[in-house]
Amino acid sequence: MKKLINDPQDVVAESLEGFALAHPDVVQVHTDPLFVTRAGGAVPGKVGLVSGGGAGHEPLHTGFVGVGMLDAAVPGAVFTSPTPDQIAPAIAAADGGAGVLTIVKNYTGDVLNFETAAELADADGITVRQVVVNDDVAVEDSLYTAGRRGVAGTVAVEKIAGAAAERGDDLDAVAAVAQRVVDNVRTMGLALTACTVPHVGGPSFDLGDDEIEIGIGIHGEPGRHRVGLESADALTEKLLTPVVDDLGLTGGEQALLLVNGMGGTPLSELYVVYRRARALLAARGVAVTRSLVGNYVTSLDMQGVSVTVLRLDDELTALWDAPVRTTALRW
Amino acid sequence: MTLDAAWAVDWTRRSAASVAEHRDELVELDRQIGDGDHGENLSRGFRAVVAKLDALDPPPATVGDVLRIVATTLMSTVGGAAGPLYGTAYLRASKSGTATELGPDGVVALLEAALDGIVTRGKATVGEKTMVDAWTAAVAAAVDAADHGAPPSQVLAAAARGAQEGARSTVPLVATKGRASYLGERSAGHLDPGARSSELILAAAAEAAADAD
């Protein structure tokens, strides 16, 4: 394993130490327990937004803490959800008196720990609502699994709910708009290589040099099947088709197209995928009115990509366009 | 023969040692059908538990007191699904272990409470390829041993054997709960890491009880 780390045990803490030093105007890092809040703390009267999950998906979630998005983010160990005694203080720190919405990706550990934390916060008199993001269409027969995973669509949920909270919506309204994004966003991803988890020291799963895993989550755990090497255009079609079909997107509708890198894929290749996805959507009569291309929800150094489509209406578009000032997203 | 707080402390220390010894095995099992963090998370959690026990003066008075420390420490250090699942198991077990000494029925009640906690938290049932498979078989074997008049150490020995069989039974199963469920059919042929760690922990309980005899 060749990595820029000192001790696998210290990766998350040392990385956040650097993060805090680099961005003191945007974030504040709390070390005991470990969580990140926006600089200046909770905004009185504003609904607080809290998300979190295993580290290793940066910039998710710490990179999305700031004005117009999250009030707090709670990183766990690499690929491991945070614990309730981290999450509950983060919820308390994000509460400006108007309650807190937690945005949780549908992974068993994340859901269990956030539920427990919400109970603790509730016992302290903080009103907590929760939305569970489950945008991954790769998981088939979700009745027989832990359900669809929450993946790159989480960025859209955090951005749009963040904008709603910033404009002064109450907790019910922010939760409702977050749920509306969850209901209208779908994602599918693929991996060209496994990633290397620091405490494992080797590839997180076995994938041959001539194999591509279609339907990965954000840890590389598979969803559909393996295929041999194919062109970027063919692979993009394998990702986009199930996304659009599941969404039931039809001609005349508007959409946001997010092409997300898994950490180890060059931006140039992401744009190759974007180009093809855009053409496929155009062929279906879907107008892509907003776009995002880059590494937003990653799996350490994995080579791979996911394609996310969000059905847009005027309100969601306006909330997407609203100003945001975080370390990873700002306009 | 009965079991007391000293047994629970010994159980915990043996669990920590066993989980540390099998850390890489648990990582590899989890890597095959999950995301490879189970061994690391659990050994980090049990290291913290032992540190907590080492720092306690006076030592805990009852089995329940020991298990409550295990529960809260695992919940606050493990994360993932294993943290809340084991944390809840130990928390429920601690509530049934309030007597200073446990006889066979007390041991059975403790194991039943632990299983009940795991099922409540994880909402899994037998046959879904999770730690529930190991714990259910362990409880059944413990009940059977207690019904036949076995002393606590034998009840736990039976539980450990049951857990081992329950864990082995997960190998051919297709997972429908937890991270492995995303693999669908491809999860068959692998030992569930949570069932394996449950087996290690119950074996530690039996070994500590055998030494207490």
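Mind counting the residues in the stretch A:226-243 that are at pLDDT 95 or above and either within 12 Å of chain B (Cβ to nearest Cβ) or under 19 Å from the mean Cα position of the chain (by Cα) (or both)?
Counting residues in the stretch A:226-243 that are at pLDDT 95 or above and either within 12 Å of chain B (Cβ to nearest Cβ) or under 19 Å from the mean Cα position of the chain (by Cα) (or both) gives 3.
Rundown of residues vs (1) touching a helix residue (DSSP H, G or I) at 6+ places or on another chain (Cβ under 6 Å); (2) more than 14 Å from every other protein chain (Cβ to nearest Cβ), yes/no style:
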position: A:53; (1), (2): yes, no
position: A:56; (1), (2): no, no
position: A:59; (1), (2): no, yes
position: A:62; (1), (2): no, yes
position: A:67; (1), (2): no, yes
position: A:71; (1), (2): yes, yes
position: A:78; (1), (2): no, no
position: A:86; (1), (2): no, no
position: A:94; (1), (2): no, yes
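Run residue B:4 past the list (1) under 15 Å from the mean Cα position of the chain (by Cα); (2) modelled with pLDDT of 95 or more and report the number of the one that doesn't hold.
(1)
Here are some residues: B:180, B:157, B:145. Which one is among the small types (Gly, Ala, Ser), crowded, with 21+ Cβ neighbours inside 10 Å, part of a helix (DSSP H, G or I) and modelled with pLDDT under 95?
B:180
For residues that are closer than 15 Å to residue A:192 by Cβ and free of Cβ contacts under 8 Å to residues at least 40 places away in the same chain, tally how many sit in the stretch A:268-279.
3
Which pairs do you get when a residue that is over 8 Å from residue B:62 (Cα atoms) and part of a helix (DSSP H, G or I), found in the stretch B:1-12, comes within reach of a residue that is of a type in the set (Gly, Ala, Ser) and modelled with pLDDT under 95, reach meaning Cβ atoms under 9 angstrom, with the pair 6+ apart or on two chains?
Within 9 Å, the pairs are B:6/B:212; B:7/B:212; B:8/B:97; B:10/B:212.
Listed residues A:48, A:63, A:109, A:68; which is of a type outside the set (A, V, I, L, M, F, W, C), under 20 Å from the mean Cα position of the chain (by Cα), closer than 29 Å to residue A:200 by Cα and modelled with pLDDT of 95 or more?
A:63 is the lone residue from the list that is of a type outside the set (A, V, I, L, M, F, W, C), under 20 Å from the mean Cα position of the chain (by Cα), closer than 29 Å to residue A:200 by Cα and modelled with pLDDT of 95 or more.
Where in the stretch B:60-131 are there helices (runs of 4 or more DSSP H), lying wholly inside it, with at least 2 residues that are away from chain A (no Cβ under 14 Å) and of a type in the set (Val, Ile, Thr)? Before the answer, list the steps.
On the way: elements: B:63-77, B:82-96, B:104-122.
Those helices (runs of 4 or more DSSP H) span B:63-77, B:104-122.
Can you name the strands (runs of 3 or more DSSP E) wholly within the stretch A:194-304 that have at least 1 residues being polar (S, T, N, Q)?
It comes to A:254-261, A:287-294.
So which of B:51, B:55, B:89 is crowded, with 24+ Cβ neighbours inside 10 Å and either in contact with an Asp or Glu (Cβ under 9 Å, 6 or more places away or on another chain) or aliphatic (A, V, I, L, M) (or both)?
Result: B:89 is the single residue among B:51, B:55, B:89 that is crowded, with 24+ Cβ neighbours inside 10 Å and either in contact with an Asp or Glu (Cβ under 9 Å, 6 or more places away or on another chain) or aliphatic (A, V, I, L, M) (or both).
With the requirement that a residue be closer than 20 Å to residue A:238 by Cα, facing chain B (nearest Cβ under 9 Å), open to solvent by 10 Å² or more (accessible area, probe 1.4 Å) and of a type in the set (Gly, Ala, Ser), what does the stretch A:202-225 give you?
A:223 - this is the single residue of the stretch A:202-225 that is closer than 20 Å to residue A:238 by Cα, facing chain B (nearest Cβ under 9 Å), open to solvent by 10 Å² or more (accessible area, probe 1.4 Å) and of a type in the set (Gly, Ala, Ser).
Restricting attention to the stretch B:24-44, and to residues there that are without any contact (Cβ under 8 Å) to a residue 40 or more places away in the chain and farther than 15 Å from residue A:202 by Cα, which single residue is farthest from the other protein chains (Cβ to nearest Cβ)?
Here the residue is B:43.
Under 6 Å between Cβ atoms, which residue pairs at least 6 apart in sequence (or on different chains) link something in the stretch A:8-19 that is assigned to a helix (DSSP H, G or I) with a partner that is modelled with pLDDT under 95?
A:8/A:198; A:8/A:199; A:11/A:5; A:11/A:198
Listed residues B:114, B:140; which is under 17 Å from residue B:11 (Cα atoms) and either open to solvent by less than 10 Å² (accessible area, probe 1.4 Å) or modelled with pLDDT of 95 or more (or both)?
Testing whether each residue is under 17 Å from residue B:11 (Cα atoms) and either open to solvent by less than 10 Å² (accessible area, probe 1.4 Å) or modelled with pLDDT of 95 or more (or both) leaves just B:114.
So which residues in the stretch B:158-213 are within 14 Å of chain A (Cβ to nearest Cβ), without any contact (Cβ under 8 Å) to a residue 60 or more places away in the chain and of a type in the set (S, T, N, Q)?
Once the filter is applied, which keeps residues that are within 14 Å of chain A (Cβ to nearest Cβ), without any contact (Cβ under 8 Å) to a residue 60 or more places away in the chain and of a type in the set (S, T, N, Q), the stretch B:158-213 yields B:176, B:181.
Here's a check for you: in the stretch A:305-331, which residue that is part of a loop (DSSP other than H, G, I, E, B) and among the β-branched types (Val, Ile, Thr) is farthest from residue A:200 (Cα to Cα)?
Selected residue: A:324.
For the stretch A:65-177, give me every one of the strands (runs of 3 or more DSSP E) that falls completely inside it and has 1 or more residues that are open to solvent by less than 20 Å² (accessible area, probe 1.4 Å), touching a Phe, Trp or Tyr at 6+ places or on another chain (Cβ under 8 Å) and not charged (D, E, K, R). Before you say what the answer is, go through the steps one by one.
Details: elements: A:72-78, A:100-105, A:128-133.
Fully inside the stretch A:65-177 and qualifying: A:72-78, A:100-105.
Within the stretch A:292-313, can you find the residues that are over 16 Å from the mean Cα position of the chain (by Cα) and closer than 20 Å to residue A:158 by Cβ?
A:311, A:312, A:313
Has the stretch A:288-303 got at least one residue that is among the acidic types (Asp, Glu) and more than 24 Å from residue A:234 (Cα to Cα)?
First, pick out the residues of the stretch A:288-303 that are among the acidic types (Asp, Glu): A:301.
If we keep only those that are more than 24 Å from residue A:234 (Cα to Cα) as well, we get none.
Scanning the stretch A:288-303, I find no residue that is among the acidic types (Asp, Glu) and more than 24 Å from residue A:234 (Cα to Cα), so the answer is no.
The values are calculated or read from the model by the stated rules, or taken from the named source; none is laboratory data. Just so it is clear, the model here is predicted, and its values are computed rather than measured. With ideal geometry, Cβ positions are generated from the backbone for all residues, glycine too; neighbour counts draw on all protein chains shown. Just so you know, the surface numbers come from the protein's heavy atoms only, side chains and all, with ligands and any DNA or RNA stripped out. Shrake-Rupley method; radii C 1.70, N 1.55, O 1.52, S 1.80 Å.
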